[in-house]
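Down below is the structure, laid out as structure tokens.
The values are calculated or read from the model by the stated rules, or taken from the named source; none is laboratory data. Only a predicted model underlies this, so the values are computations on that prediction, with no experimental measurement involved. Every residue, glycine as well, gets a Cβ built from its backbone with ideal geometry; the counts of neighbours run over all protein chains shown. For accessibility, only protein heavy atoms count, side chains too; no ligands or nucleic acids. Shrake-Rupley method; radii C 1.70, N 1.55, O 1.52, S 1.80 Å.
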Amino acid sequence: MTGFKETYGRKPKLAVWKFASCDGCQLSLLDCEDELLALTGEVEIAYFLEASRATVKGPYDVSLVEGSVTTPHDAERIKKVRKVSKTLITIGACATAGGVQALRNFADVTDFTRVVYAHPEFIKTLATSTPISEHVFVDFELRGCPINKMQLVEVINAFLNGRKPVTPSHSVCLECKKQGNVCVMVAGGKPCLGPVTQAGCGAICPAFARGCFGCFGPMELPNASSLMGWWKKHLGATDDEVIRALRTFNAGAEVFRKEGEAHGN
Amino acid sequence: MQVRKSLERKGKRMATRTIKVGALARVEGEGGMLVKIKGDKVHEVQLNIYEPPRFFEAFLRGRSYSEPPDITARICGICPVAYQMSACNAIEDAFGVKVTPVIRDLRRLLYCGEWIQSHVLHIYMLHAPDFLGYESSVHLAADFPDIVNRGLQLKKVGNEIMELVGGRAVHPINVRLGGFYKAPSKAQMLKLKERLEWALVAAKETIDWVAGFNFPDFEHNYEYVAMRHPDTYAIHEGRLVSDAGLNIAEKDYETIFEEQHVAHSNALHSVIKTRGNYFVGPQARYSLNFDKLSPLAQDYALRSGLGKTCKNPFKSILVRAVETLYAVEEAIRIIGAYEEPEKAFVDVTPNAGTGYGWSEAPRGMLYHRYTFDDAGIIQDCTIIPPTSQNQKSIEGDLHHFVSDRLDLPKEDLQWQCEQAIRNYDPCISCATHFLKLELEHL
């Protein structure tokens with residue numbers, strides 16, 4: 001395993017790009033209060049507008065992309081970002097699943113425009129909000145709404161050292177059990193998406209006595225129809241409640257989308 | 001030499017100049033700036049927001065009353081608590097819910113955490129580099145590592161409050177209608193107190209540091225609008241007042257204010273119907289509520305060179321530093337008085353009706369209104385973030401600012417204009433109403 005600096009004799013160039021999003025995931029980088037200055041010792045922050053007005057020309061060794069594609073302009077812009085990026089990593093639910101703004105995918109966006117704006121004709125928007133991977137090849141997807149900042153450090157660190165990032169693909173349940181939480185669903189009777197949601201948050205919701213609401217999107221090979229059947233049978237959840245639970249920040253993720261459709265529109 | 005220079009200048013002045021910043025740095029969200037100059041006059045100033053619309057008000061229709069705290073948090077990763085608190089205030093208003101004093105204090109503590117992390121982010125990482133001639137705080141850290149580290153650690157204390165009370169620093173998970181899912185233990189709170197004692201010193205040092213910056217001589221004169229509470233420096237409860245005599249309750253907001261979808265600028269602007277532009281944010285809060293700050297915060301404010309009101313937007317960084325000190329003090333006070341409640345929330349039963357709520361986001365007043373059917377399903381809602389309320393005033397400020405500085409070399413003028421925009425810490429991601437603006441070159 002050889003580090004980037006040893007191989008290339010320079011610091012890798014890091015770029016951070018924003019599409020439709022809340023800024024929370026790129027803020028996670030600035031929230032690495034204990035690691036930030038060490039990180040900037042290892043990488044050159046070449047393009048990160050939220051943090052610096054200085055920009056360095058591409059190509060970039062690693063690009064972090066936050067946000068989803070929602071406008072014709074952004075659908076073109078992401079292609080340009082891909083062209084100048086050796087490695088492209090998407091960060092957060094917007095970039096990996098379309099984000100909460102993908103709720104438009106289940107409605108008519110012209111109706112949405114009329115609700116919010118007096119002059120809908122001024123608005124240039126696509127009918128859908130889509131993840132970056134629907135537009136360009138993505139080297140690695142980091143999940144979460146928001147991402148876990150320590151996972152972000154791990155991903156950048158893995159890249160710097162030429163190895164695969166270690167991020168779990170199992171469910172929140174495993175994380176939750178490790179912490180010794182009492183099950184909020186089976187024992188507490190509260191709806192929880194933990195059994196089908198990817199770990200990474202630290203099972204914070206069950207630790208705070210509430211059910212998981214799926215910020216990290218579906219785990220690898222989830223059995224969503226079984227869980228939703230259980231919600232209905234044992235917790236008395238209605239179709240509307242099931243659909244709303246599946247349609248939040250990862251509404252566009254295939255498993256959540258399909259399971260929601262199985263319970264109505 | 002002198003004559004030739006002035007002739008050159010005159011020659012330049014006859015021409016049309018355009019200063020364009022395609023993508024503004026060190027702001028939250030994506031925006032740009034366009035200044036059109038014709039002859040020796042500023043023709044037009046536009047703050048261009050090309051953050052794509054995300055339609056929160058549309059997709060919230062049909063959602064349950066319990067969801068806005070989690071969903072609207074996603075409008076802004078920098079100030080999610082503001083969205084959660086304004087949402088709770090509005091929804092609890094619709095259902096006639098009154099929370100207990102301990103829940104009220106916990107909400108205020110969580111909000112103090114957000115003020116600290118957001119203000120310190122802005123002071124150290126987004127704005128101070130301008131005053132000191134650095135491109136970013138990373139560049140600043142190369143020469144002043146101790147100062148930047150102090151900022152990072154102070155910001156971290158804000159995040160630690162949010163993690164303890166809210167469960168997570170970005171998009172807290174512990175906020176629910178009627179209070180919290182789980183209240184922190186007394187022991188956890190006391191552990192935080194030690195960190196806050198350090199933060200109190202760091203916040204004082206921050207004020208002294210910022211007070212030494214050079215502030216351009218510039219004043220604006222907009223109507224200041226902020227919340228005010230009889231007993232305390234208003235954060236999440238109070239009426240809305242202004243220095244022109246406004247004094248209203250939440251339900252009257254939309255009769256006094258309105259949002260205009262203006263064709264020429266392609267952006268929604270919020271105005272006072274009878275008077276036009278106004279201004280929200282730390283300077284408005286400070287100027288309307290100086291008497292409600294703690295004696296320590298007042299003392300540090302005055303010795304830093306601030307008056308009891310502040311009309312120079314470049315000094316907003318100083319006001320943020322004073323509010324940071326206040327928020328740290330408030331957090332210490334709340335933790336000192338804290339007793340763990342038996343139940344962390346009061347019960348909420350939905351009914352048909354409309355509720356109105358607001359709170360003071362780090363960047364200014366944030367208004368929510370929701371209308372529900374009898375099952376508590378949202379029929380209609382409106383969210384008015386601070387940056388969309390300030391946009392017209394920011395453009396007005398830039399107009400005056402540029403007019404007095406037309407002789408500067410373009411690069412210097414551009415940087416100073418960027419700095420001027422960063423005075424307002426515009427949170428463009430918040431401003432769901434902002435539209436992409438087509439640029440028009442003269």
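Relative to the Cα centre, the charge distribution of the protein assembly as shown, modelled as +1 at Lys and Arg Cβ and -1 at Asp and Glu Cβ, gives a dipole magnitude of about 1140 debye.
Local charge sum around B:PHE218 (other residues, Cβ-Cβ under 10 Å, Lys/Arg +1, Asp/Glu -1)? Please list the in-between numbers first.
Values: positive: B:LYS311, B:LYS315, B:ARG405; negative: B:ASP217, B:GLU219, B:ASP397, B:ASP404.
Surrounding charge for B:PHE218 is -1.
The residues packed around A:PRO131, meaning those with a beta-carbon under 13 Å from its beta-carbon, carry a net charge of -3 if Lys and Arg are +1 and Asp and Glu are -1.
Any idea what the dipole of chain B comes to, in debye rounded to 20, about its Cα centre with Lys/Arg Cβ at +1 and Asp/Glu Cβ at -1?
On the way: 52 positive and 57 negative charges, 175 e Å.
Magnitude of the dipole: close to 840 debye.
Contact order, relative form, for segment A:37-152: 30 percent (alpha carbon pairs under 8 Å, 6 or more residues apart, mean separation divided by residue count).
Projected label points at A:ASP34 and A:THR87, each 7 Å from Cα along the beta carbon direction, are separated by 2.3 nanometres.
Where the convex hull is taken over the Cα atoms of segment B:181-240, what is its projected area averaged over directions, in nm²?
Details: hull surface 31.1 nm².
Dividing the Cα hull surface by four gives the mean projection, 7.8 nm².
Per-residue mean of other chain beta-carbon atoms within 10 angstrom of the beta-carbon, peptide A:113-120? Mind dumping the intermediate values first?
Numbers: counts 3, 1, 8, 13, 9, 6, 6, 1.
Per-residue shielding by partner chains comes out at 6.
Could you work out how far helix B:2-14 tilts from the main Cα principal axis of chain B, as a 0 to 90 degree angle to the nearest 10? It is inclined by approximately 60 degrees. With only the Cα atoms considered, segment A:4-160 has a convex hull volume of 118 Å³ per residue.
Accessible surface calculations at 1.4 Å, restricted to protein heavy atoms, place chain A at 40 Å² per residue.
Which number do you get for Rg(Cα) / (2.2 N^0.38 Å) in segment B:58-104? Let's see the in-between values first.
On the way: Rg = 11.4 Å, N = 47, 2.2 N^0.38 = 9.5 Å.
Compared with the compact-globule rule of thumb, segment B:58-104 sits at 1.20.
A Cα-only calculation for segment B:197-307 places Rg and Dmax at 17.0, 51 Å. The base-10 log of I(q)/I(0) for chain B, evaluated at q = 0.09, 0.11, 0.14 Å⁻¹, reads -0.56, -0.84, -1.34 [Debye formula, identical scatterers on Cα atoms, solvent excluded]. Amide H contacts under 5 Å for B:PHE257: B:LYS273, restricted to partners 5 or more places along the chain or on a different chain, H placed in the peptide plane at 1.01 Å from N. Axis of helix A:72-83 versus longest Cα principal axis of chain A: the two differ by about 50°, to the nearest ten degrees.
One compactness figure for segment B:285-362 is 1.52, namely its Cα radius of gyration divided by 2.2 N^0.38 Å.
With the Cα gyration tensor of segment A:172-261 in hand, convert its eigenvalues to equivalent ellipsoid semi-axes via √(5λ) and list them largest first in whole Å.
Details: eigenvalues 74, 48, 21 Å².
Value: 19, 15, 10 Å, ordered largest first.
Normalised Debye scattering of chain A at q = 0.12, 0.14 Å⁻¹ gives log10 I(q)/I(0) of -0.78, -1.00, counting only Cα atoms as equal scatterers and leaving out solvent.
With the full set of protein chains in place, find how many percent of the accessible area of the protein assembly as shown is carbon and sulfur; take the probe as 1.4 Å. Spell out each step's value before the answer.
Details: 13220 of 25840 Å².
So the carbon and sulfur contribution to the accessible surface is 51 percent.
Counting only DSSP beta bridges with both residues in the protein assembly as shown, tell me the antiparallel percent, nearest 5. In the protein assembly as shown, approximately 70 percent of DSSP beta bridges are antiparallel ones.
In this simple spin-label approximation, A:ARG114 and B:ARG303 carry label points 7 Å from Cα along the Cα→Cβ vector, and these lie 6.2 nm apart. Calculate log10 I(q)/I(0) of segment B:112-159 for q = 0.21, 0.31 Å⁻¹, where I(q) comes from the Debye formula with a single equal point scatterer on each Cα and nothing for solvent. Calculated log10 I(q)/I(0) at the listed q: -0.62, -1.08. Three principal axis extents describe the C-alpha atoms of the protein assembly as shown; from largest down they are 88, 63, 53 Å.
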